[in-house]
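The values are calculated or read from the model by the stated rules, or taken from the named source; none is laboratory data. All figures in this text were calculated on a predicted structure; none of them were measured in a lab. Counting neighbours? That spans all protein chains shown, and the Cβs are built from the backbone with ideal geometry, glycine included. Keep in mind that these areas ignore ligands, DNA and RNA; they rest on the heavy atoms of the full protein, side chains included. Shrake-Rupley method; radii C 1.70, N 1.55, O 1.52, S 1.80 Å.
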Amino acid sequence: MAKKSNEPKFYVVWAGFQPGIYKTWEACRQQVHGFAAAKFKAFPTLELARKAFEAGPEEGKKLAKALRTAMVVEGLAEKPIGNAICVDAACSGNPGRMEYRGVFAETGAELFRSPVWELGTNNIGEFLAIVHALAWQKQKRIKLPVYTDSELAIKWVRKGAAHSKLPRNEKTEPLFAVIERAEKWLKENPIEVPLLKWDTARWGEIPADFGRKQ
(Lines give C-alpha, C1' and ligand atoms only; values in the text may rest on other atoms or scores of the structure.)
Protein backbone atom coordinates (compact mmCIF):
# COMPACT_ATOMS: atom_id res chain seq x y z
CA MET A 1 0.00 0.00 0.00
CA ALA A 2 1.35 3.42 -0.92
CA LYS A 3 2.27 5.68 1.94
CA LYS A 4 -0.25 8.45 2.50
CA SER A 5 1.13 11.86 1.67
CA ASN A 6 -0.25 13.31 4.90
CA GLU A 7 1.24 10.63 7.16
CA PRO A 8 3.44 12.10 9.91
CA LYS A 9 7.10 11.17 9.70
CA PHE A 10 8.49 11.82 13.17
CA TYR A 11 7.12 10.75 16.56
CA VAL A 12 8.17 12.44 19.79
CA VAL A 13 8.00 10.33 22.94
CA TRP A 14 8.32 12.41 26.10
CA ALA A 15 7.19 9.70 28.48
CA GLY A 16 7.72 6.08 27.47
CA PHE A 17 10.08 3.18 27.98
CA GLN A 18 12.76 5.12 26.12
CA PRO A 19 11.96 8.81 25.43
CA GLY A 20 13.19 10.15 22.13
CA ILE A 21 12.25 10.79 18.49
CA TYR A 22 11.18 7.91 16.23
CA LYS A 23 10.72 7.80 12.47
CA THR A 24 7.92 5.20 12.36
CA TRP A 25 4.72 4.60 14.26
CA GLU A 26 5.78 1.03 15.02
CA ALA A 27 8.98 2.21 16.71
CA CYS A 28 6.99 4.77 18.68
CA ARG A 29 4.35 2.22 19.64
CA GLN A 30 6.97 -0.06 21.16
CA GLN A 31 7.94 2.75 23.52
CA VAL A 32 4.45 3.77 24.64
CA HIS A 33 2.30 0.61 24.46
CA GLY A 34 1.75 -0.58 28.00
CA PHE A 35 3.55 2.40 29.52
CA ALA A 36 1.39 4.15 32.13
CA ALA A 37 0.78 7.86 31.38
CA ALA A 38 2.70 7.75 28.11
CA LYS A 39 3.11 11.10 26.38
CA PHE A 40 3.81 11.31 22.65
CA LYS A 41 2.89 13.26 19.52
CA ALA A 42 3.59 13.18 15.78
CA PHE A 43 5.30 15.99 13.83
CA PRO A 44 5.81 16.55 10.09
CA THR A 45 9.53 17.42 10.21
CA LEU A 46 12.57 16.37 12.23
CA GLU A 47 13.34 19.99 13.09
CA LEU A 48 9.92 20.50 14.66
CA ALA A 49 10.11 17.14 16.42
CA ARG A 50 13.43 18.10 18.00
CA LYS A 51 12.07 21.43 19.17
CA ALA A 52 8.97 19.78 20.62
CA PHE A 53 11.06 17.16 22.40
CA GLU A 54 13.32 19.80 23.93
CA ALA A 55 10.34 21.98 24.92
CA GLY A 56 8.67 19.17 26.88
CA PRO A 57 5.20 17.64 26.62
CA GLU A 58 3.08 20.69 27.48
CA GLU A 59 4.70 23.14 25.06
CA GLY A 60 5.22 20.33 22.56
CA LYS A 61 1.54 19.49 22.50
CA LYS A 62 0.68 23.15 21.93
CA LEU A 63 3.00 23.11 18.94
CA ALA A 64 1.42 19.88 17.71
CA LYS A 65 -2.01 21.48 17.90
CA ALA A 66 -0.84 24.44 15.83
CA LEU A 67 0.66 22.03 13.32
CA ARG A 68 -2.18 19.50 13.18
CA THR A 69 -3.02 20.52 9.62
CA ALA A 70 0.61 20.70 8.49
CA MET A 71 0.32 17.05 7.46
CA VAL A 72 -1.65 18.19 4.41
CA VAL A 73 1.07 20.50 3.08
CA GLU A 74 1.81 21.05 -0.59
CA GLY A 75 -1.77 21.63 -1.72
CA LEU A 76 -3.35 18.41 -0.48
CA ALA A 77 -5.91 20.06 1.78
CA GLU A 78 -9.52 20.29 0.60
CA LYS A 79 -9.76 23.77 2.08
CA PRO A 80 -7.30 26.21 3.64
CA ILE A 81 -6.69 26.44 7.37
CA GLY A 82 -8.76 29.23 8.88
CA ASN A 83 -6.51 29.84 11.87
CA ALA A 84 -3.51 30.93 9.83
CA ILE A 85 -1.72 33.96 8.41
CA CYS A 86 -1.69 34.76 4.69
CA VAL A 87 0.92 36.97 3.05
CA ASP A 88 1.21 38.45 -0.41
CA ALA A 89 3.25 41.00 -2.33
CA ALA A 90 2.35 43.46 -5.06
CA CYS A 91 4.80 44.72 -7.65
CA SER A 92 4.08 47.21 -10.44
CA GLY A 93 6.44 45.83 -13.05
CA ASN A 94 9.27 43.37 -12.48
CA PRO A 95 11.21 45.06 -11.07
CA GLY A 96 8.95 47.90 -10.00
CA ARG A 97 7.23 49.54 -7.04
CA MET A 98 6.83 46.80 -4.46
CA GLU A 99 5.07 46.25 -1.15
CA TYR A 100 3.70 43.36 0.90
CA ARG A 101 1.23 42.66 3.67
CA GLY A 102 -0.08 39.95 6.00
CA VAL A 103 -3.66 39.17 7.03
CA PHE A 104 -5.56 36.62 9.10
CA ALA A 105 -6.76 33.88 6.75
CA GLU A 106 -10.24 33.58 8.21
CA THR A 107 -11.19 37.23 8.60
CA GLY A 108 -8.89 39.05 6.17
CA ALA A 109 -7.98 41.49 8.95
CA GLU A 110 -4.68 43.15 8.11
CA LEU A 111 -1.86 42.43 10.56
CA PHE A 112 0.99 44.33 8.95
CA ARG A 113 1.86 46.18 5.76
CA SER A 114 5.25 47.20 4.47
CA PRO A 115 6.26 50.58 3.10
CA VAL A 116 6.47 50.90 -0.68
CA TRP A 117 9.91 50.43 -2.22
CA GLU A 118 10.53 52.17 -5.52
CA LEU A 119 12.32 49.19 -7.02
CA GLY A 120 11.77 45.57 -6.02
CA THR A 121 10.39 42.25 -7.24
CA ASN A 122 7.40 40.16 -6.33
CA ASN A 123 9.56 37.28 -5.08
CA ILE A 124 11.52 39.58 -2.78
CA GLY A 125 8.23 40.94 -1.45
CA GLU A 126 6.91 37.44 -0.79
CA PHE A 127 10.16 36.48 0.96
CA LEU A 128 10.09 39.53 3.21
CA ALA A 129 6.39 39.02 3.92
CA ILE A 130 6.97 35.48 5.17
CA VAL A 131 9.86 36.54 7.40
CA HIS A 132 7.77 39.45 8.70
CA ALA A 133 4.97 37.00 9.54
CA LEU A 134 7.40 34.76 11.41
CA ALA A 135 8.93 37.65 13.35
CA TRP A 136 5.50 39.13 14.09
CA GLN A 137 4.33 35.83 15.54
CA LYS A 138 7.45 35.45 17.66
CA GLN A 139 6.87 38.91 19.10
CA LYS A 140 3.21 38.09 19.82
CA ARG A 141 4.11 34.62 21.14
CA ILE A 142 1.76 32.80 18.81
CA LYS A 143 2.37 29.99 16.33
CA LEU A 144 0.17 29.86 13.24
CA PRO A 145 0.83 28.39 9.78
CA VAL A 146 1.83 30.92 7.12
CA TYR A 147 0.36 30.76 3.62
CA THR A 148 1.95 32.26 0.51
CA ASP A 149 1.30 31.66 -3.18
CA SER A 150 5.05 31.73 -3.95
CA GLU A 151 6.88 28.40 -3.85
CA LEU A 152 10.15 30.20 -4.57
CA ALA A 153 9.74 32.47 -1.54
CA ILE A 154 9.18 29.43 0.67
CA LYS A 155 12.42 27.90 -0.65
CA TRP A 156 14.32 31.12 -0.01
CA VAL A 157 13.03 31.32 3.56
CA ARG A 158 13.88 27.69 4.27
CA LYS A 159 17.39 28.27 2.89
CA GLY A 160 17.70 31.49 4.89
CA ALA A 161 18.55 33.74 1.95
CA ALA A 162 16.87 35.61 -0.90
CA HIS A 163 18.66 34.60 -4.10
CA SER A 164 17.37 37.49 -6.19
CA LYS A 165 18.96 38.76 -9.39
CA LEU A 166 17.83 42.30 -8.64
CA PRO A 167 20.85 44.60 -9.14
CA ARG A 168 22.17 46.20 -5.98
CA ASN A 169 22.64 49.91 -6.60
CA GLU A 170 21.75 53.28 -5.16
CA LYS A 171 18.04 52.81 -5.90
CA THR A 172 17.79 49.31 -4.42
CA GLU A 173 20.16 49.75 -1.47
CA PRO A 174 17.34 50.52 1.05
CA LEU A 175 15.55 47.32 0.05
CA PHE A 176 18.73 45.24 0.25
CA ALA A 177 19.28 46.53 3.77
CA VAL A 178 15.87 45.11 4.72
CA ILE A 179 16.66 41.82 2.97
CA GLU A 180 19.88 41.52 4.98
CA ARG A 181 17.98 42.10 8.23
CA ALA A 182 15.50 39.40 7.24
CA GLU A 183 18.29 36.94 6.44
CA LYS A 184 19.98 37.74 9.76
CA TRP A 185 16.69 37.08 11.57
CA LEU A 186 16.37 33.69 9.88
CA LYS A 187 19.90 32.74 10.95
CA GLU A 188 19.14 33.63 14.56
CA ASN A 189 15.59 32.24 14.82
CA PRO A 190 14.30 28.77 13.93
CA ILE A 191 11.18 28.37 11.81
CA GLU A 192 8.61 26.92 14.19
CA VAL A 193 5.47 26.97 12.05
CA PRO A 194 4.49 25.40 8.72
CA LEU A 195 5.08 27.42 5.56
CA LEU A 196 2.25 26.41 3.24
CA LYS A 197 1.58 26.96 -0.46
CA TRP A 198 -1.78 28.60 -1.13
CA ASP A 199 -3.76 26.58 -3.69
CA THR A 200 -5.02 29.43 -5.89
CA ALA A 201 -6.54 27.08 -8.47
CA ARG A 202 -8.94 25.57 -5.94
CA TRP A 203 -9.31 28.30 -3.32
CA GLY A 204 -9.14 31.50 -5.37
CA GLU A 205 -6.82 34.41 -4.67
CA ILE A 206 -5.01 34.41 -1.34
CA PRO A 207 -6.79 36.66 1.22
CA ALA A 208 -3.72 38.92 1.41
CA ASP A 209 -3.94 39.67 -2.34
CA PHE A 210 -3.84 43.38 -3.18
CA GLY A 211 -6.44 42.98 -5.93
CA ARG A 212 -4.39 44.76 -8.58
CA LYS A 213 -4.14 42.04 -11.19
CA GLN A 214 -5.05 43.13 -14.70
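Can you give me the % of accessible surface on region 106-158 that is carbon or sulfur? Probe 1.4 Å, all protein chains present, nothing else counted.
It is 48 percent, rounded to a whole number.
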Inset, instruction - Show which aspartates and glutamates lie in cross-link reach of LYS51 when reach means a straight Cα distance below 12 angstrom and same-chain residues fewer than eight apart are skipped. - result: GLU59, GLU192
Inset, instruction - Give me the angle, in degrees from 0 to 90, between the Cα long axis of helix 57-66 and the longest principal axis of the Cα atoms of the chain, rounded to the nearest 10. - result: 50 degrees
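Looking at the square roots a ≥ b ≥ c of the eigenvalues of the Cα gyration tensor of region 154-214, which shape do they give, rounded for a/c under 1.5, prolate if a/b is larger than b/c, or oblate?
Oblate is the answer for region 154-214, as a/c is 1.5 or above yet b/c matches or exceeds a/b.
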Inset, instruction - Take the alpha carbon atoms of region 143-183, find their center, do the same for region 185-214, and report the distance between the two centers in whole angstrom. - result: 13 Å
Inset, instruction - Assuming a ≥ b ≥ c are the square roots of the Cα gyration tensor eigenvalues, decide whether the chain counts as rounded (a/c under 1.5), prolate (otherwise, with a/b larger than b/c) or oblate. - result: prolate
Legend entry - Farthest toward positive dipole pole in the chain [+1 Lys/Arg, -1 Asp/Glu at C-beta], among VAL157, CYS28, VAL178: CYS28
Inset, instruction - For the chain, calculate the relative contact order in percent as a whole number, restricting contacts to Cα pairs under 8 Å that are 6 or more residues apart. - result: 19 percent
Inset, instruction - Could you work out how far helix 122-140 tilts from the main Cα principal axis of the chain, as a 0 to 90 degree angle to the nearest 10? - result: 50 degrees
Inset, instruction - Report the charge-dipole magnitude of the chain in Debye, nearest 20, computed about the Cα centre from +1 at each Lys and Arg Cβ and -1 at each Asp and Glu Cβ. - result: 580 debye
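Solvent-accessible area per residue for region 139-214 at a 1.4 Å probe radius, Å²?
With the other protein chains kept in place, region 139-214 gives 62 Å² per residue.
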Legend entry - Which listed pairs, of LYS79/LYS184; LYS9/LYS155; LYS79/LYS165; LYS140/LYS184; LYS143/LYS184, have C-alpha distances above 27 Å, in listed order: LYS79/LYS184; LYS79/LYS165
Inset, instruction - When a/c is below 1.5 the answer is rounded, else prolate if a/b is larger than b/c, else oblate, so apply that to region 105-214 with a ≥ b ≥ c taken from the square roots of the Cα gyration tensor eigenvalues. - result: oblate
Legend entry - Rounded tilt (10° steps) of 173-188 against the dominant C-alpha axis of the chain: 10 degrees
